[in-house]
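A short write-up of the structure that comes next.
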Amino acid sequence: MDGEYVLGTPHPALARCVVRYLGYREHSGLPVRRRQAPVASCTLIISLGPRIRLHGPAGPSVPASFLAGMYDAPVLTEFTGHQHGLQVDLSPLGVFALLGRPMPDLTNLAPQLTELDVPELARLPERLAAAPDWPHRFALLDAVLLRRLDASAARPDPEVTRAWRRLVRSAGRIGVQELADDTGWSRRHLLNRFRGQVGLSPKTTARVLRFQRAARLLAPSSLYGNAPACAAPSISDVAATCGYADHAHLVRDFHALAGCTPTEYLDGWS
């Protein structure tokens, strides 16, 4: 498979909303299938070429440009031939601020941009396709997202933001009761507000974060080939490092979140 991958740096004012921009071109004469396990971010795909096939919790779909919310189950992607577009990795609180809608509306779903009732986002594929190069496309993304953020009255609760950041910093190794005590809220109130603005409960978010760290430790490489080669630690060592009760606990989470064993997950990265 041939590919081109170009990273873009979002405008500093978008730092709390946007994790990164990635422009890509890929071509393969054979089917390319990828297992997309849950991560602690939402994904905006702006397609400048053929559609990609998705097989996820909501069933099979062949969207054009879409926004995937938070997931707690694996998604399989598939294409043959040419792929061309931009990927924007967004924090869930950033999506909440940009769209001003309950995040459970997006959980385990990938609605097309035309289904979001945000005309400026729906026009992005056409506008980006007309841009001459990646820097101009990244600049256009900055402009659209900054305008959208300025126009939106939605902002995450400070308590939810703090709980989210603590979960991210600890890679999921913090209890819900401790988070609730830190906010001064009851567990139930924290659960309702957090899920409304993130899309998953604090407990499920912690599970995704632990899994994400474990997956990165087991496969210390990058889809885009930028990470240096190094030896992966053992599954038992990763389980202990990431706060799993034991090896079996980690394996159960891989089955639930990636749809495979850790060994099968590693085989997919080899």
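The values are calculated or read from the model by the stated rules, or taken from the named source; none is laboratory data. Predicted model only: the values in this text are computed from it and were never measured. Every residue, glycine as well, gets a Cβ built from its backbone with ideal geometry; the counts of neighbours run over all protein chains shown.
Residue-level check: of (1) within 26 Å of residue 57 (Cα to Cα); (2) out of contact with any Phe, Trp or Tyr (no Cβ under 9 Å at 6 or more places or on another chain); (3) surrounded by fewer than 19 Cβ atoms within 10 Å (Cβ to Cβ); (4) not hydroxyl-bearing (Ser, Thr, Tyr), residue 111 misses just (2). Remark: pairs (first residue in the range 121-144, without any contact (Cβ under 8 Å) to a residue 12 or more places away in the chain and under 13 Å from residue 14 (Cα atoms); second residue hydroxyl-bearing (Ser, Thr, Tyr) and crowded, with 19+ Cβ neighbours inside 10 Å; Cβ separation under 6 Å; 6+ apart in sequence or on different chains) are absent.
Suppose we filter the range 128-158 for residues that are over 27 Å from residue 83 (Cβ atoms), more than 21 Å from the chain's Cα centre (by Cα) and of a type in the set (A, V, I, L, M); how many remain? Qualifying residue count, the range 128-158: 2. Has the range 111-127 got any residue that is assigned by TED's automatic domain parsing to the domain that holds residue 6 and within 14 Å of the chain's Cα centre (by Cα)? Taking every residue of the range 111-127 in turn, none turns out to be assigned by TED's automatic domain parsing to the domain that holds residue 6 and within 14 Å of the chain's Cα centre (by Cα).
Of the residues making up the range 212-232, those that are in a loop (DSSP other than H, G, I, E, B), within 20 Å of residue 39 (Cβ to Cβ) and either modelled with pLDDT under 50 or not hydroxyl-bearing (Ser, Thr, Tyr) (or both) are 219, 220, 222, 223, 224, 225, 226, 227, 232. Total residues in the range 76-101 satisfying the condition of being surrounded by 21 or more Cβ atoms within 10 Å (Cβ to Cβ), within 25 Å of residue 5 (Cα to Cα) and under 13 Å from the mean Cα position of the chain (by Cα): the figure is 6. So residue 192 ticks every box in (1) of a type outside the set (Val, Ile, Thr); (2) in contact with a Gly (Cβ under 9 Å, 6 or more places away or on another chain); (3) at pLDDT 95 or above but one. Which box is left unticked? The failed condition is (2).
Of all residues in the range 172-199, those that are more than 18 Å from residue 107 (Cα to Cα) and either of a type in the set (S, T, N, Q) or in contact (Cβ under 8 Å) with a residue 60 or more places away in the chain (or both) total 5.
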